[in-house]
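Below is one structure, written out as structure tokens; the observations come after it.
The values are calculated or read from the model by the stated rules, or taken from the named source; none is laboratory data. Because the structure is predicted, anything quoted here is derived from the model rather than measured. Here Cβ is always computed from backbone atoms with ideal geometry, including for glycine, and neighbour counts include all displayed protein chains.
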């Protein structure tokens, strides 16, 4: 019913749009040049005002009314039986609600039945009240807007102000969400450090990671929360991934921008970018099921023992995943190097290779650097591939053929494991916060570099 | 038969001190016939100006002389262009080596995003013209002196070339072209992006360059052609309508179209 009201408000607003537009034309007897604002703006203002008022009243009455009914009923229950505990009162209320809607209640005593009656009465009142009041609000706002229409009513300025506010509100939602996430990360991190008595160095420099094995009465063992193996594993896999992605991505970008014929470029570039569209979970099982056994078997053939989950397999596949980011971004910046620079170099008798190496790549270097930094921040934050292919044991090793674990894998393990959420959340959020700081710094660095580059040519 | 014509042609060009000789040159951009059967002989150690309305093919023809059109896929050149009697479109000629002999300066100053020194040292380094750092320093200084910009930049050779003013950048680009020790310098509207003072400086420089180089300049400014060149070719719709001494072209043109262009009635 409330959904229906919502659509009714929208329909009314649309009607106000049509009426407002034609009324604006009528006010000046068809000579629209006399209007301060075009007829459409009069219509839009009527639409916006009526829709906003109607929906705001609907939301306000809908939520506030429900809250008011709940407090009213709880106080009614408590005044009937003053010695009842608040939890019992809430149980009575939920039973009454069940009775009112014909459901099953734990008990049905006179108090519950009486409250159930009140629930039904107040509920209906609230419901219809909301519907009627919001529709009336829509009508009043719309009619007010219609009444204001005259040749010098500034409908354009007003409607543009309203639209600007709406845009601002949507932007604020994104910003506030980010702020909220960061704040929750910070608070959980503080909680975690409190839990280990502010021995921050044990987290940052300790080498044993087994946070849940030393829990006693919700208290973590500071000696078992050393995150160095995770940082080392993340670093190793990132390095392997970049060793794959940077040369392949950069060289393919050079080929696409300076050597490929337009026809080859036309299908090769979308194909490369298709790599970016493959879900990482697919890369993950490709790494775990195809590449890791292949590496192990090849290793055995030359007499090496390689774990079935290895940093190498995860790193290579992650590198393949990052190729399109590097190649696509580098291709863009290489293309942005003006043709006049290439001509200048050819005009001096330079070959294509000399031109690319000595003129084009140095000119595009800042952009390439920022592409690589973005690639690194992707690699650091990547989860699915490492969960499947890198292993779970927090193993501090420099050998890429052994299983290692990363920050993201441990977050997954902590949150999806069966430990109580309040205990597991501390280390998980702290790791997340560390990760956030690292990728944030990378992105800031990348953007700085890009900005510097823009200044060069514009 | 072919050999004798070749020898005759060579002797003739040498005797009249002709640096570049074009015979029946046609250029096509895709389906567009941009240059139509052009014959032209360019004198050694003189400034030759190409004038004509926009789109008449003068820049296209200029770019044929150092095979810059090779970098454009849809462009096709037929006919012969001889540099000192040698066909530059022959299979045996490497465009890269040719461009070291026939340097080019472009419409818009295009210094590389490197230091002033590195901009000039770029050509000599890739062609191996300097045996050591001292020789390279010498080439850079000589080139910048000849480009009449040495005094302005000698104290900041290691700052970026992109930080210079437009006129300085264009003289830097001329210095950069001179540094590879070319025989011919092609200039494609070198002053069109410059203010009058910078233009005057570059024009003065072109006049000096005549002592050591064969200069071919494309220009939209008739006054400029009259000021800097000894020979002028008037291009119109892909044809060379008239070619001769600059004085004669500007004072007593033979073709009515040349006269109309010079007096501002077509263009």
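Brief remarks follow.
- Residue B:97 vs. criteria surrounded by fewer than 16 Cβ atoms within 10 Å (Cβ to Cβ), at the interface with another protein chain (Cβ under 8 Å from one of its Cβ atoms), free of Cβ contacts under 8 Å to residues at least 40 places away in the same chain and at negative phi: yes
To keep it simple, each residue is scored yes or no on (1) surrounded by 12 or more Cβ atoms within 10 Å (Cβ to Cβ); (2) modelled with pLDDT of 90 or more; (3) more than 43 Å from the chain's Cα centre (by Cα).
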residue	(1), (2), (3)
A:7	no, yes, no
A:10	yes, yes, no
A:15	yes, yes, no
A:22	yes, yes, yes
A:38	yes, yes, no
A:41	yes, yes, no
A:85	no, no, no
A:107	no, no, yes
A:110	no, no, yes
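- Residues that are outside any helix (DSSP H, G or I) and out of contact with any helix residue (DSSP H, G or I) (no Cβ under 8 Å at 6 or more places or on another chain) were ranked within the stretch B:194-212; the one that is surrounded by the fewest Cβ atoms within 10 Å (Cβ to Cβ) is B:211.
- Taking the listed residues B:73, B:118, the one that is more than 20 Å from the chain's Cα centre (by Cα), under 22 Å from residue B:202 (Cα atoms) and within 11 Å of chain A (Cβ to nearest Cβ) is B:118, with no other qualifying.
- The listed residues are B:148, B:134, and the only one of them that is away from every other protein chain (no Cβ under 14 Å), assigned to a loop (DSSP other than H, G, I, E, B) and farther than 12 Å from residue B:181 by Cα turns out to be B:148.
Conditions (1) out of contact with any helix residue (DSSP H, G or I) (no Cβ under 7 Å at 6 or more places or on another chain); (2) at pLDDT below 95, marked per residue:
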residue: A:226; (1), (2): no, yes
residue: A:229; (1), (2): yes, yes
residue: A:232; (1), (2): yes, yes
residue: A:235; (1), (2): yes, yes
residue: A:242; (1), (2): no, no
residue: A:246; (1), (2): no, no
residue: A:257; (1), (2): no, yes
residue: A:261; (1), (2): yes, yes
residue: A:267; (1), (2): yes, yes
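- Qualifying positions in the stretch B:164-184 - modelled with pLDDT of 90 or more and part of a helix (DSSP H, G or I): B:168, B:169, B:170, B:171, B:172, B:173, B:174, B:175, B:176, B:177, B:178
- For the stretch A:305-340, residues that are more than 28 Å from the chain's Cα centre (by Cα), within 14 Å of another protein chain (Cβ to nearest Cβ) and either assigned to a loop (DSSP other than H, G, I, E, B) or surrounded by 20 or more Cβ atoms within 10 Å (Cβ to Cβ) (or both) total 3.
- Helices (runs of 4 or more DSSP H) fully within the stretch A:349-413 that include at least 2 residues being surrounded by 21 or more Cβ atoms within 10 Å (Cβ to Cβ) and away from every other protein chain (no Cβ under 14 Å): A:361-381, A:384-389.
- Number of residues in the stretch B:65-121 that are within 20 Å of residue B:171 (Cα to Cα) and part of a loop (DSSP other than H, G, I, E, B): the value is 9.
- In the stretch A:128-154, the residues that are surrounded by fewer than 17 Cβ atoms within 10 Å (Cβ to Cβ) and in a helix (DSSP H, G or I): A:128, A:129, A:132, A:133, A:136, A:139, A:140, A:143, A:144, A:147, A:148
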